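The values are calculated or read from the model by the stated rules, or taken from the named source; none is laboratory data. A quick note: this is a predicted structure, and the numbers were derived from the prediction, not measured. A quick note on method: Cβ atoms are made from the backbone with ideal geometry, for glycine too, and the neighbour counts reach across all protein chains shown.
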Amino acid sequence: MALLSRAFVAHGYRSTLFNGRKNVTRESETHFAHAKPIVYTPNLSASKLALYNLSYKRYYRIRISRATTEVFQDRIIEDKEKEKSRILRVGLICGGPSAERGISLNSARSVLDHIQGDDLLVSCYYIDCNLNAYAISFAQVYSNTPADFDFKLESLAKGFQSLSEFAEHLAATVDIVFPVIHGRFGEDGGIQELLEKANVPFVGTASNECCQAFDKYDASLELNRQGFVTIPSFLVQGSCLNKSELSNWFESNQLDCCSGKVVVKPARAGSSIGVTVAYGVDDALKKANDIILEGIDHKVLVEVFLEGGSEFTAIVLDVGFGVDCHPVVLLPTEVELQFHDSANVRENDAIFNYRRKYLPTQQVAYHTPPRFPTDVIACIREGASLLFQRLGLRDFARIDGWFLPSSVQFSSSTENRKMFGRTKSGSIIFTDINLISGMEQTSFLFQQASKVGFSHSNILRTIIQRACSRFPHLASCCNLINTWPRRLESSQHGGALPERKGTQKVFVIFGGETSERQVSLMSGTNVWLNLQTFDDLEVTPCLLAPTNEYFSNVDHNKEKSGSSRTVWSLPYSLVLRHTTEEVLAACIEAIEPARAALTSILRDQVMIDIMEGLNKNNWFMGFDIANDLPRKISLEQWIKLAKDVQATVFIAVHGGIGEDGTLQSMLEAEGIPYTGPGVMASRTCMDKVATSLSLGHLASFGILTIPKDLWNKEDLLNASIHETWHGLTMKLHCQTLCVKPAQDGCSTGVARLCCAGDLAVYANALKKCLIQIPSNSLSKAHGVIEMPSPPPELLIFEPFIETDEIIVSSKSTNGNAHHLIWEGRSRWVEVTVGVMGKRGAMHSLTPSITVKETGDILSLEEKFQGGTGINLTPPPLSIISKEALERCKQRIEIIANTLGLEGFSRIDAFVNADTGEVLVIEVNTVPGMTPSTVLIHQALAEQPPMYPQQFFRTMLDLASGRVN
């Protein structure tokens with residue numbers, strides 16, 4: 001083994017571990033007689049590789065699970081009776097009473113996507129905000145937010161009379177529970193205590209340890225006792241708002257009582273809920289009192305704001321066996337806050353708040369590994385591991401903290417210089433312990449795991465198997481679960497596309513440079529993850545990068561043609577980012593020699609640490625993500641490559657050249673099949689005015705359009721605001737206007753204007769190139785309005801259509817059930833509906849009624865951030881009858897066929913609840929395909945239901961049969 005070369009590893013075992021299960025078996029048989037197999041650990045020396053060889057016994061297990069040669073016939077016959085016990089029954093529990101229940105649903109959806117298989121039987125459960133338990137369907141897990149189904153749980157889900165009955169049910173029907181409840185009842189020990197009393201095995205930390213670690217105040221005290229550096233803090237509890245004591249605390253920490261900057265946060269809420277910045281004693285007390293009055297928590301912490309520090313987060317993975325704990329900290333992530341204008345520097349935007357954590361914006365960037373000195377990274381990993389052990393945590397956790405450079409003056413809660421966290425380069429402070437880390441597709445868990453060789457499926461299944469090993473009656477199940485996903489990531493090393501006979505090449509392209517590029521990244525990532533589960537597909541994620549000159553003096557004619565564009569072919573770990581800017585920066589960083597070398601060294605060290613633990617476990621089959629480099633080529637070269645390998649292009653680029661027919665035209669010219677409508681339909685639908693003109697003759701069919709007035713941005717900025725307002729309202733015969741970019745979407749730049757003053761605020765935002773209009777800046781209450789960057793050149797004004805408010809209430813007269821409130825005065829409701837099929841024969845899915853939670857326009861969060869926004873699918877009969885719904889669907893199909901749509905698209909409209917008449921808002925030819933997209937809800941409402949993987953595969957298959 002000492003003579004094993006890196007070339008042998010790359011050539012032989014890279015193909016073994018990274019080219020799919022069928023190849024795993026074939027390559028394994030080739031090398032079986034010559035050498036013991038090895039776990040792929042790139043860049044390690046041969047001697048170190050030898051330390052981490054898989055045992056012959058483990059290899060034997062892999063072979064008999066995938067092959068049926070005569071050598072193993074006796075073993076197979078002997079085990080035939082055990083086949084029925086090969087399936088591990090997993091109970092997935094989400095929801096909970098905290099404000100994080102929407103994120104919990106996102107996590108459950110992601111876990112379900114990546115663990116279900118022939119060897120795992122998953123059952124899903126939901127705890128509502130009143131701690132009522134329900135067994136729910138997979139379709140409900142794919143809902144956008146719990147509010148989508150809360151009001152109909154009693155009719156659609158199996159409810160339990162009590163939590164005790166629920167626990168008894170779990171004890172009888174599942175082998176192990178995977179709780180993904182974030183915040184209260186999930187991370188505070190509540191669900192764990194319930195399961196412990198019923199003797200139900202579960203993934204994660206025990207109840208007592210959860211209770212201590214979840215409470216930020218108690219955890220801080222314990223960390224201090226354990227010898228860790230901690231942040232000075234002051235506890236505000238209940239009605240005890242003692243100003244004099246807080247003033248003394250400010251003074252003792254050299255803070256000005258009138259303006260000293262502090263962080264105010266609930267002690268037991270988690271995940272940035274209620275976290276804010278305060279200035280001075282009075283402001284701190286007010287904000288602490290607000291948290292208490294809002295019912296978030298009655299214990300509130302006031303902490304010193306760490307000026308000049310950098311925030312980090314680290315995933316800890318327990319790779320021990322049984323009761324032995326062996327925590328390994330993955331590569332930490334640095335959280336960099338970014339400020340694009342002075343208005344963002346104060347208050348909530350000065351911290352890593354809830355919005356920044358869960359909505360893709362340019363206000364935050366992540367760096368894995370962090371850009372810290374190596375001694376600091378080593379200290380973070382060592383400290384998080386010690387903390388995990390000393391607090392008695394289990395299986396996995398996420399630990400957050402701060403790094404303060406030595407140049408920053410910092411006085412901790414103790415001046416003991418021997419406390420853990422002091423380094424030559426500065427101080428390391430651990431602040432928050434997350435017992436159930438977020439598990440959305442691009443969460444820190446998956447970002448950091450993919451950096452050290454784990455796919456989504458592999459890391460989740462490894463966690464489940466680790467938990468099973470603690471329970472003697474489940475330990476044997478570990479060897480029956482395959483840690484590898486159904487489909488493995490293929491290596492793209494050296495620039496060569498992976499070659500596998502009999503597979504269809506698919507290029508998923510996303511990104512671009514419109515205001516919709518972040519949603520495009522979410523869509524593309526979701527499509528890629530869903531399609532790569534098919535054994536007959538070879539899926540490559542591709543980023544359409546912005547032109548370097550886009551924000552300065554770009555040649556717009558060249559830009560529109562696509563000739564100045566570049567495309568990056570991405571390795572697995574670089575896709576898992578929150579913004580396209582972050583992906584692009586990570587690509588550039590990955591090929592920078594010094595940074596790449598450091599990352600490789602740190603990655604190898606983590607992989608060694610992991611294997612020291614997992615090598616003792618027979619069930620671990622190795623890492624399945626290669627440490628590949630991104631590739632950059634021009635868009636023209638990328639299209640030529642697609643043609644050469646006969647790839648189908650899955651377009652997930654929202655707006656710009658992805659939706660205006662440019663990319664479609666380029667692909668058609670080379671005969672490359674692609675998803676979605678063709679060139680002419682794309683051009684028409686991208687132009688909202690052209691869309692209305694194309695449908696203007698359909699009024700006799702009950703299809704109406706909204707009158708529009710098109711304005712150039714410069715003309716608007718140079719005109720009199722009051723004269724413009726008067727002219728618009730007279731021309732459009734209305735008193736309230738809706739303004740939106742002419743060739744953009746995604747709710748960016750869309751606002752309701754009620755007076756000339758509102759128009760002035762909007763025009764000022766355009767003039768100053770603001771990236772946001774703060775909430776309630778206009779005369780009528782509204783949320784934050786994301787603005788396109790750069791500002792749109794063309795704007796559309798149209799009458800604002802009034803619809804009756806729909807309220808999804810969490811309580812009704814019986815004090816428990818959920819219900820809808822809709823007065824129905826105007827009889828118009830807003831819907832969004834997907835259409836799919838071949839040109840001329842488009843099929844309408846079941847429409848969804850969209851419910852706005854704040855303001856009159858759906859916010860960016862409500863449309864695309866999982867866990868927010870409400871979509872009622874199918875529309876409740878109390879709002880729209882079956883007959884009216886069918887007439888609506890027929891009219892939607894007429895619209896789709898008139899516009900020449902094909903593949904799939906989304907139509908937004910107002911519908912009359914009585915007649916089914918349709919008033920068209922817009923048509924999206926590349927609709928959002930995020931994990932919480934309403935298209936999935938509608939596909940699941942079909943008979944039979946169409947699940948996400950089937951849905952995206954159907955879209956891909958339609959592309960191969962498109963009519964040009």
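Points worth noting:
- Looking across the range 940-950, the residues that are touching a residue at least 60 places away in the same chain (Cβ under 8 Å) and of a type outside the set (Ser, Thr, Tyr) come down to Leu940, Ala941, Glu942, Pro945, Pro948, Gln949.
One line per residue, one yes/no per condition, for (1) modelled with pLDDT under 95; (2) in contact with a helix residue (DSSP H, G or I) (Cβ under 9 Å, 6 or more places away or on another chain); (3) not assigned by TED's automatic domain parsing to the domain that holds Ala719:
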{"site": "Cys734", "(1), (2), (3)": "yes, yes, no"}
{"site": "Ala742", "(1), (2), (3)": "yes, yes, no"}
{"site": "Ser747", "(1), (2), (3)": "yes, yes, no"}
{"site": "Arg752", "(1), (2), (3)": "yes, yes, no"}
{"site": "Leu759", "(1), (2), (3)": "no, yes, no"}
{"site": "Gln772", "(1), (2), (3)": "yes, yes, no"}
{"site": "Ser775", "(1), (2), (3)": "yes, no, no"}
{"site": "Leu778", "(1), (2), (3)": "yes, yes, no"}
{"site": "Ala781", "(1), (2), (3)": "yes, no, no"}
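- Within the range 61-140, strands (runs of 3 or more DSSP E) holding 3 or more residues that are in the same structural domain as Ile176 (by TED's automatic domain parsing), modelled with pLDDT of 90 or more and within 19 Å of the chain's Cα centre (by Cα): 88-95
- Subset of the range 605-617 that is part of a helix (DSSP H, G or I) and surrounded by fewer than 19 Cβ atoms within 10 Å (Cβ to Cβ) - its residue that is modelled with the lowest pLDDT: Glu612
- For Leu717, the conditions (1) crowded, with 18+ Cβ neighbours inside 10 Å; (2) under 18 Å from Pro790 (Cβ atoms) are fulfilled apart from (1).
- Subset of the range 143-197 (residues that are on the phi < 0 side of the Ramachandran plot and small (Gly, Ala, Ser)): Ser143, Ala147, Ser155, Ala157, Gly159, Ser162, Ser164, Ala167, Ala171, Ala172, Gly186, Gly190
- Residue check for Thr748: assigned to a helix (DSSP H, G or I) and among the β-branched types (Val, Ile, Thr): no
- Odd one out for Arg470, checked against (1) part of a helix (DSSP H, G or I); (2) of a type outside the set (A, V, I, L, M); (3) over 30 Å from Val519 (Cα atoms); (4) in contact (Cβ under 8 Å) with a residue 60 or more places away in the chain: (1)
- Any hit, the range 933-942, residues being part of a loop (DSSP other than H, G, I, E, B) and buried (at least 24 other Cβ atoms within 10 Å of the Cβ): yes
- Condition met for Asp215 (buried (at least 18 other Cβ atoms within 10 Å of the Cβ), of a type in the set (D, E, K, R), under 20 Å from Ser164 (Cβ atoms) and in contact with a Lys or Arg (Cβ under 8 Å, 6 or more places away or on another chain)): no
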